[in-house]
Amino acid sequence: MAGTTVASLNNATPGRATNESVEDLEARSGVEDPGSILVQLGDLDGNRAIIWGRANCPARLYVEIATDEAFSDVRTVRGPAALSVTNYTARVDLKGLPRGEHVFYRVLFDRLNESDSFTDAVSGSFRTPPEESDQAEDLRFLWGGDVAGQGWGIDPERGGMKIFETMADLEPDFFIHSGDAIYADGPLQKTVELDNGKSWTNIVTDSKADVADTLAEFRGNYLYNFLDEYYREFVADVPMIAQWDDHEVTNNWYPGEILPEDPHDVKSVDLLAARGQRAFLEFMPVRSGSHHAARDEHYDTFDYGPSVDVFRLDLRSYRGPNIATLDEERSSETAILGEEQLEWLKASLADSDATWKVIASDMPIGLLIPDGDVFEGIGNADGAPRGREFEIAELLSFLHDEDLYNVVWFTADVHYTAAHHYHPDRAQFSEFNPFWEFVSGPLHAGTFGPNELDNTFGPKVVYENSPPEGEANLPPSAGLQFFGQVDINADTEALTVTLKNREGESLYSKEFDPNQYG
């Protein structure tokens, strides 16, 4: 168990609420403040979990955990102090959790500017992954990405970010956030006129009134999402595997880029990315880059028991420039994973004994995502591998040569939902095993698509749901908001993928036998 165990806080008297006004908090912290304790769960991995909290003043984090709802076997972890340097965020990395059990938690803060002044507790529970197959229960996880983008923020009159309520009702064991958790480059207007003559009315904070250039503005983008009650409740109840993509910094960015024109005052993408990464690591419940680890890479492996290992990729930090996506010779500039991450991924997949190997990718493989005259993603037009496809070809060839099967890709990014089947018989590069890729999003942003296919790895669109031809950037109220659901049967280990809309309606479903996948 991480941290220092102290006496239970069961009998601690909640301290009085802070006397500071919202305006005082904004002035002091540099960002808009929801005015209450915030809690998130993340990076659940075997017997470990991150519990993240944010106070609204200098305070020390405490986490109580137990294996029963009455907290009769309570253990208390004294966490770090949440200070202004981290915008009053703190986390504990819980270790030694019992496998295959429900864990109940309570989070509270002891205000450092008052003696014995504890906040009210925020409580919840989560289920840890089983260690042995005889402990296994049916497993469910969800995935999706893209939140508060393209001008569509929180409109309380339209129910806010309702998709998070829909997802919470499904009681998933964990959630893969496939990136674009914020739109730091996407300011909001108070009112947006809709095609039907009605209006979309955003909550607009100072940090969402312009693009993010400063650290305070990046932080404010994360805090904005917490203003939505459904989002706030979902992230406190469901452990998250959080990825980052481009809009956590700015559209289509890559390391070393210099922005040519407005709207950013800061033209160095490396500086923007450093601030964006700092805010991401402060405000997302991730283990990498936390205050307890001397690493800032965002790729990792998560053990969810005998049936599933999840491999979180980072396709943003190590890529070369977008102008190299059409290069016909491999070089450091054609990287998308980077050499170190690619070798880690190959070794981790080979070491995995899990029945299913889930690759959480922040971008799809075979869709064209233009960036001017070049491309922002992996796909780059038909033909043999070029540019960023070189590393993907190496990975797929490795899986083929090592006889590694049951690898399923889950992603978002393109703002519609789809099921893609990749097969060497349709491909220009054929040294790989057939596999599936599922795309789902946006969670709460503009809807676009569909994108064109790149035939390098032989994708086929089995299902897609996107706006009618000629329409783009549809608001959440149009109904084309999507997430994905994955269910694994404890007895058969059959894996079923279901693509769903904001109302929870099933749009497409596919069941896979672990002995016949591909």
>> Pairs please, first residue from the stretch 73-84 and under 17 Å from TRP52 (Cβ atoms) and modelled with pLDDT under 95, second anywhere and buried (at least 16 other Cβ atoms within 10 Å of the Cβ) and polar (S, T, N, Q), Cβ atoms under 9 Å, 6+ apart in sequence or on different chains.
In response: none
> Across the stretch 291-306, which residue is modelled with the lowest pLDDT among those that are within 22 Å of VAL238 (Cα to Cα) and under 16 Å from the mean Cα position of the chain (by Cα)?
Replying inline: HIS298
> Which condition number in (1) modelled with pLDDT of 95 or more; (2) open to solvent by less than 10 Å² (accessible area, probe 1.4 Å) is the one that SER288 fails?
Replying inline: (1)
> Are any of the residues in the stretch 411-422 surrounded by 21 or more Cβ atoms within 10 Å (Cβ to Cβ), over 24 Å from PRO370 (Cα atoms) and modelled with pLDDT of 95 or more?
Replying inline: no
> Just one of ASP309, ASP270 is open to solvent by 10 Å² or more (accessible area, probe 1.4 Å), closer than 30 Å to GLU101 by Cα, out of contact with any helix residue (DSSP H, G or I) (no Cβ under 7 Å at 6 or more places or on another chain) and at pLDDT 95 or above; which is it?
Replying inline: ASP309
> Could you list, in sequence order, the residues of the stretch 160-206 that are in contact (Cβ under 8 Å) with a residue 60 or more places away in the chain, within 30 Å of VAL266 (Cβ to Cβ) and part of a strand (DSSP E or B)?
Replying inline: HIS177, VAL192, TRP200
> Would it be correct to say that ASP373 is over 30 Å from ASP487 (Cα atoms), open to solvent by 30 Å² or more (accessible area, probe 1.4 Å) and in contact with a Lys or Arg (Cβ under 7 Å, 6 or more places away or on another chain)?
Replying inline: no
>> It is to be established whether one or more residues within the stretch 429-447 are farther than 27 Å from SER133 by Cβ, among the aliphatic types (A, V, I, L, M), open to solvent by 30 Å² or more (accessible area, probe 1.4 Å) and part of a strand (DSSP E or B).
In response: no
> In the set LEU453, LEU404, LEU395, LEU399, which member is free of Cβ contacts under 8 Å to residues at least 60 places away in the same chain, open to solvent by 20 Å² or more (accessible area, probe 1.4 Å) and farther than 24 Å from GLY151 by Cβ?
Replying inline: LEU404
> Just a yes or no: is a residue in the stretch 219-228 out of contact with any Asp or Glu (no Cβ under 9 Å at 6 or more places or on another chain) and open to solvent by 50 Å² or more (accessible area, probe 1.4 Å)?
Replying inline: no
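The values are calculated or read from the model by the stated rules, or taken from the named source; none is laboratory data. What you see is a predicted model, and the numbers here were worked out from it, not measured in a lab. We place every Cβ from the backbone using ideal geometry, glycine too, and count neighbours over all the protein chains shown. These accessible areas exclude ligands, DNA and RNA; they are computed on the full protein's heavy atoms, side chains included. Shrake-Rupley method; radii C 1.70, N 1.55, O 1.52, S 1.80 Å.
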